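The values are calculated or read from the model by the stated rules, or taken from the named source; none is laboratory data. Model, not experiment: these values are computed from the prediction. Backbone-built Cβ (ideal geometry, glycine too); neighbour counts: all protein chains shown.
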Amino acid sequence: DGRIGDVEMMTIVSRDPGPPPAEYIKVSGGMFRDMTIHDFDMARFLLGEEIATVSGTASVLVNPEIGELGDYDSASLVLATASGRQCVISNSRRAAYGYDQRIEVLGSLGSVSAENQRPVSIEIANKDGYTRPPLHDFFMTRYTAAYAAEISAFIDSIENDTAPSPSIADGLMALALADAAVRAVKEQKTIAVG
């Protein structure tokens, strides 16, 4: 709504508590198509402009079997729009402390962020410092309300004959960005998204 001014930069952190089984890795399409693809959606939505270029690096730091299957488990990507807006995405298949999902958008007048959610929001402070409960440990518990809202919006679009959002075009653009990320990491260069 303009309270942080014009969007300039954003950071997305998306880290799973642990890697999926090898059977899933074999059919997932790779980290960028099964995990980062959601971050591409978020970046497009919050940047308010199409992404023009993708660059990045990825490696296998969590589970050697993932690398043997031709995939990565750790990645850092930089997306940029034609006007210069930027998004940095940090992904890992392992966050020993729980399901780590954070985002920050920096604008010309301030910033806005969404922090991690916990099953309960209790914080204890004493002589030893501050203690909070652990993060969610699975995406199904972290996004229960979001999935319910998504299903409700889809049903509403059918009942009212309105276009769903996100659209099929949004899904295709996220896939195009995932494909660009695969190339950027493999070729170690910035890839133009077309």
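Here is a yes/no grid of residues against (1) within 24 Å of Ser74 (Cα to Cα); (2) of a type in the set (Phe, Trp, Tyr); (3) touching a Leu at 6+ places or on another chain (Cβ under 9 Å):
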position: Asn91; (1), (2), (3): yes, no, yes
position: Ser108; (1), (2), (3): no, no, no
position: Met140; (1), (2), (3): yes, no, no
position: Lys189; (1), (2), (3): yes, no, no
Hey, can you tell me all the residues within the range 49-65 that are in contact with a strand residue (DSSP E or B) (Cβ under 6 Å, 6 or more places away or on another chain) and either closer than 13 Å to Met10 by Cα or in contact (Cβ under 8 Å) with a residue 24 or more places away in the chain (or both)?
Glu49, Ile51, Ala52, Thr53, Val54, Ser55, Gly56, Thr57, Ala58, Leu61
Do we find a residue being modelled with pLDDT under 95, among the basic types (Lys, Arg) and under 17 Å from the mean Cα position of the chain (by Cα) anywhere in the range 129-151?
yes
So which pairs qualify, if the first residue must be in the range 140-157 and under 15 Å from Gln117 (Cα atoms), the second must be among the polar types (S, T, N, Q), the Cβ gap must be under 7 Å, and the two must be at least 6 apart or on different chains?
Arg142/Gln101; Arg142/Gln117
Taking the condition of being free of Cβ contacts under 8 Å to residues at least 24 places away in the same chain and surrounded by 13 or more Cβ atoms within 10 Å (Cβ to Cβ), how many residues in the range 158-170 meet it?
1
I need the full set of residues from the range 1-43 which are surrounded by fewer than 16 Cβ atoms within 10 Å (Cβ to Cβ), assigned to a loop (DSSP other than H, G, I, E, B) and of a type in the set (A, V, I, L, M, F, W, C), in order please.
Ile4
